[in-house]
Each structure stands twice: as C-alpha cells, then as structure tokens.
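Asks: Provided herewith is a single structure, encoded as structure tokens, for subsequent inquiry.
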Amino acid sequence: MRRSPLWLIVLAIAVVEVVGHYVVQSRVVTDGQWHAAAERVRAGWQAGDTVVAAPRWADPLVRRELGDLLSLSDAAPADLDRHRRLWALSIRGHRPDAAPDRPPDHDAQVGPIRVLRWDLEPEPVLYDFLAHVREARVTIADRPCRWQSGRPRGGGLGQGPIQPGARHQCDTRRSWLWVGATVQEDLDLLPRHCIWQHPAAPEVIAATFEDVPLGDRVVLAGDLYYEHERMLEHGPVEVAVFLDGVPLGRMIHRDGDGWKQMQVSTRIPERGDRERGDLRIEVTAPDPDMRTFCWAGTVREGDPE
C-alpha cells in the first residue's frame, strides 16, 4: 500500500511558517533600537532642524521618540524651505521623500536604523499667515465673520479635521463656513498644519492680513481633505491673492492635484517703495460641496521660482 505524501506537504508548510516567523521577527525594530537612534539625533539637534521617518508609516514611532522637539508646523509642514537641516530615521533601505536628491551630509548606522541628515538652505521668511490667523479680518460677501472661542470638536478617523474652538465663524447655519488653524490630511495622507477656508457660493470668503511685511513673494500651498479629493467627483477651487486690492495671482486647485503650491511676486508697480501692505486671500468655488480647502502660506525674500 502506497503511503500518502500528505504528511510531507504538512511538514513543508510548517517549516515555511517557522522560517517566515523568524525572518519577520528578526526584521522588527525594537523600542530600544528606536530609542538609541533617536538619542543620536538628540545629541546633534539644533534650532531649525526637523525629523521624518522613512518609510512614512514609521512616523508615529519617530514622533513617539522625538515629538517633543517638533512644533505643530514641524510635524505637519507646508514644505521644508524654512528648515536648516533634515534628519531621517530610516529602516529597510528606505529614503525619505522629502530628502534632497543628493547623498546625506551625515550617515550613521545605529543597529537596524540609519540616522541620516541633510543640510539645507533655508529661505528667509518674513511673515507666516498661520501665526497671524487670529488677527486676520475675515469676511463672507464683505460681511465680517465673528471670532469665537470654545471647545474643539470633530476630528477622528474619517471625520475630517478638528474644528478648533478658536476660529472665525462666518455662518452659524452652515457650520463648515469658518476660518482658522487646523491639521488636515492631504491626498497623500500627509498631515498639513493649515488655515481652513471653506468656500461658499455665491459668496466670497476672504481673509485679509493687515500691515504685512511684503518682502519679494508670497508662497502659498493648499489642498482638500483627502476623502473629498480622492474621489475626483467635484469641481475646482480658486485661490486668489491681492495686495491692497491689486491682484497678484490665482491658483486653480482640481481634485487630484494634491498639496499644490503657487508663488506670486509682491514687487508690482502699484506697490511703489512701500515695504508693508494688506494681503487678502480669497477662496471661491462654483459648487462648494465638499470643497474642504485648507492652505498655508508665508511671505519670503527672493524671486519666485
């Protein structure tokens, strides 16, 4: 009677599972190893630095170890242009998406983690709109929006960004018509510290920042809450920048654009030799349904790219 080979198949499966379990476990980075790599970063940390994880899914582990070194804008940046140096904790050969296209200026191996650092050339920032959103004059169809303080609400998985307690509320009947600082996930699921400015129709939602140092250019970037953008079902959003009522430039954001940037020069003939002025940001959309626009911007020195 011929013996069935089934037991050999079962044995082979068991061996594969044991080997696979060992391989998986051997690649898991321990808490102690994360801590040791983070201490290497702490030892060289300077003002103006920031740190990321590679791959991105390891970001919670990096923030657990080094989150006390990061501001909200560091953890959810609009860009890296203002940072002096970029650190990265890298595992399994991953390279951070934000890194310059050149070898790092520092490269050290701490157990299974590579500690990388790139020295950057920060751009001079004269004014950050996020830092001054409280003082902005916000209007809907030229009617003032009321600044209010209260308890934050919302947020959570699939619930959109948190509605901050302190915000410019433009319409109590439409609770989503407010302007204020929050954190929103972009199309790539990256957090962005930004100014929520949901458009209305046909009204214009505008935020005017008064007596701003004008520098040479405005750099502005924004997008929509990822669940509302990824379906590619809704219309465009338009952002317009004005200096003392004179248009500087416009950007059209369409679903699929992701975190999109515009740069406009403030060196216009109407400015003359003035070094300060009022900058107005208008957000409009033909159909405001699910147009959850959030933006961040700065005034900088240097010519637009």
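The numbers here are math on the coordinates, done by the rules we state, and not lab data. Not measured: the values here are computed from a predicted model. Here Cβ is always computed from backbone atoms with ideal geometry, including for glycine, and neighbour counts include all displayed protein chains.
Asks: What do you get for the angle between helix 6-27 and the principal long axis of the chain? Use alpha-carbon atoms, 0 to 90 degrees, nearest ten.
Replies: 50 degrees
Asks: Say R0 is 45 Å: what FRET efficiency, to the nearest 0.05, do Asp289 and Trp45 get from their beta-carbon distance?
Replies: E between Asp289 and Trp45, to the nearest 0.05, is 0.50.
Asks: What is the fewest-to-most order of Phe209, Phe129, Phe293 by other Cβ atoms lying within 10 Å of their Cβ? Each step should come with its number before you reach the end.
Replies: Working: Phe209 19, Phe129 22, Phe293 26.
Arranged by neighbour count, lowest to highest, Phe209, Phe129, Phe293 become Phe209, Phe129, Phe293.
Asks: Would you mind computing, in nm to one decimal, how far apart the modelled labels at Glu238 and Leu130 are, each placed 7 Å from Cα along Cα→Cβ?
Replies: Placing both labels 7 Å beyond Cα along the Cβ direction yields 2.8 nm.
Asks: Report the Cα-based extents of region 125-300 along its three principal axes, largest first, to the nearest Å.
Replies: Answer, in whole Å and largest first: 49, 33, 30 Å.
Asks: For a bin width of 5 Å, list the pair-distance distribution of region 31-119 built from all Cα-Cα distances, rounded to whole %.
Replies: 3, 14, 30, 29, 18, 5, 0
Asks: Ok, one more. Does anything in region 188-205 have its amide N under 18 Å from the 7 Å Cα→Cβ label point of Arg254, and if so which residues?
Replies: Under 18 Å, as judged by backbone N against the label point of Arg254, lies no residue of region 188-205.
Asks: Also: Just want the ordering: Ser149, Ser265, Ser73, Ser175, from fewest to most Cβ atoms lying within 10 Å of their own Cβ. List each step's numbers first, then the result.
Replies: Values: Ser149 9, Ser265 15, Ser73 19, Ser175 12.
Lowest to highest Cβ neighbour count: Ser149, Ser175, Ser265, Ser73.
Asks: Which trypsin sites (Lys or Arg not before Pro) in region 156-232 pass both tests, a DSSP loop state and at most 15 other beta-carbon atoms within 10 Å?
Replies: Details: sites: Arg167, Arg173, Arg174, Arg192, Arg217, Arg230; in loops: Arg173, Arg174, Arg230.
Those satisfying the criteria are Arg173, Arg174, Arg230.
Asks: Same structure again: For region 210-305, what value does the Rg/Rh ratio take when both radii are computed over Cα atoms and Rh is the Kirkwood radius, given to two decimals? Numbers along the way, then the final one.
Replies: Details: Rg = 14.5 Å, Rh = 14.1 Å.
We get a ratio of 1.03 for region 210-305.
Asks: While we're here: Which ³J(HN,Hα) values in Hz, rounded to whole numbers, follow from the phi angles of region 112-126 under the Karplus curve 6.51 cos²θ - 1.76 cosθ + 1.60, where θ = phi - 60° and Gly and Pro get x?
Replies: x, 10, 8, 9, 10, 8, 10, 8, 10, 10, x, 8, x, 9, 8
Asks: As a test of the formula, what do you get for the chain when each DSSP H run with n ≥ 4 contributes -39,500 (n - 2.57) and the sum is divided by the residue count, at 222 nm and rounded to the nearest 500 deg cm²/dmol?
Replies: Values: 5 runs with 52 residues, N = 305.
Mean residue ellipticity, 222 nm, calculated: -5000 deg cm²/dmol.
Asks: Additional query: Which whole-number percentage describes the relative contact order of region 125-300, with Cα contacts under 8 Å and a sequence gap of 6 or more? Could the numbers behind the result be given before it?
Replies: On the way: 447 pairs, mean separation 50.0, N = 176.
Averaging sequence separation for qualifying contacts and normalising by length gives 28 percent for region 125-300.
Asks: Another one. Between region 78-132 and region 178-202, how many Å separate their Cα centres?
Replies: With region 78-132 and region 178-202 each reduced to a Cα centre, they are spaced 24 Å.
Asks: Another question, if that's okay. What nm value, rounded to one decimal, do you get for the distance between Ser71 and Trp57 when each label is placed 7 Å out toward the C-beta?
Replies: 3.2 nm
Asks: If contacts are Cα pairs under 8 angstrom and at least 6 residues apart, what is the relative contact order of the chain in percent? List each step's numbers first, then the result.
Replies: On the way: 628 pairs, mean separation 50.0, N = 305.
RCO, the chain: 16 percent.
Asks: In debye, nearest 20: dipole of the chain around its Cα centre with unit charges on the Cβ of K, R (+) and D, E (-)?
Replies: Details: 38 positive and 46 negative charges, 250 e Å.
That gives a dipole near 1200 debye.
Asks: Now for a different question. Report the extension gain between Trp147 and Arg173 in nm, rounded to one decimal, defined as 0.36 nm multiplied by the number of residues separating them, less their alpha carbon distance.
Replies: 7.8 nm
Asks: What order do you get for His234, His35 when you list them from fewest to most C-beta neighbours inside 10 Å? Intermediate results must be reported in sequence, preceding the final value.
Replies: Numbers: His234 18, His35 12.
With the sparsest Cβ surroundings first, the list reads His35, His234.
Asks: Rank-order 246-253, 40-47 by packing density, defined as the average count of other C-beta atoms within 10 Å over each peptide's residues, highest first.
Replies: Working: 246-253: 16.4, 40-47: 13.0.
Result, highest mean Cβ count within 10 Å first: 246-253, 40-47.
Asks: Pull up the DSSP beta bridges for region 31-119 and report the antiparallel fraction as a percent, rounded to 5.
Replies: Bridges in region 31-119 are about 65 percent antiparallel.
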